[in-house]
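So the structure is just underneath, and the comments pick up after that.
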Amino acid sequence: MSIRKAAGRDIEHIHKLDKESVKYHQRLDKDFYTISQKWWKIKIASQLEAIKNPDNLILVAEKNGEIIGYVWGYIEKTAKLKIGKIQDLIVTKKYRRRCIALALIKDIMDFFREKKCIISETAVNIENEPAIKTYEKAGFKKNEYKMRLNLYKMKKFKPFG
């Protein structure tokens with residue numbers, strides 16, 4: 001297994017991982033994870049921009065020429081301080097529990113350190129125990145709760161419907 005910086009040619013494979021991740025997360029939050037085609041196009045465009053942006057880094061994990069995971073990190077500047085944010089961390093089901101996610105986290109942390117970030121943050125669904133354990137193994141600690149209130153009565157939240 002190797003980890004390298006993503007290129008534009010990788011977006012189709014990253015997109016497949018994103019779709020696999022949505023299916024997984026639908027079990028955790030059925031009301032939220034219904035994604036429209038328009039949203040997918042926006043996400044792909046955002047990832048292509050991120051590949052070019054020096055304050056973003058998308059890394060892919062590859063085995064035998066197949067992309068089996070990726071991490072997307074970016075720098076958020078707040079009050080002259082830099083925070084390294086993990087946007088996405090996905091490893092395909094077949095390769096989970098093999099420390100690939102930890103290797104991706106380590107490499108994105110190196111990027112954040114090079115960029116002089118003071119901390120790193122990410123958001124994880126409270127019921128996603130495997131992800132929580134992985135981040136804890138990497139040294140992350142729980143420090144706050146993100147809370148959500150659905151304001152409209154609807155069956156599914158469908159971004160950009």
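Counting only residues that are modelled with pLDDT under 95 and assigned to a loop (DSSP other than H, G, I, E, B), region 72-97 holds 4 of them.
Among the residues of region 37-48, at least one is at pLDDT below 95 and either within 20 Å of THR134 (Cα to Cα) or aromatic (Phe, Trp, Tyr) (or both). The residue that is modelled with the highest pLDDT, among those in region 124-147 that are surrounded by 10 or more Cβ atoms within 10 Å (Cβ to Cβ) and closer than 27 Å to LYS41 by Cα, is ALA131. Looking across region 75-104, the residues that are of a type in the set (Gly, Ala, Ser) and without any contact (Cβ under 8 Å) to a residue 40 or more places away in the chain come down to ALA79, GLY84, ALA101.
With respect to (1) hydroxyl-bearing (Ser, Thr, Tyr); (2) part of a strand (DSSP E or B); (3) free of Cβ contacts under 8 Å to residues at least 24 places away in the same chain, the lone exception for SER46 is condition (2). Among the residues of this structure, TYR24 does not count as one that is modelled with pLDDT under 95, of a type in the set (Ser, Thr, Tyr), farther than 21 Å from GLU121 by Cα and outside any helix (DSSP H, G or I).
The values are calculated or read from the model by the stated rules, or taken from the named source; none is laboratory data. Predicted model, so just to flag it, every value in this text is computed and none were measured. Counting neighbours? That spans all protein chains shown, and the Cβs are built from the backbone with ideal geometry, glycine included.
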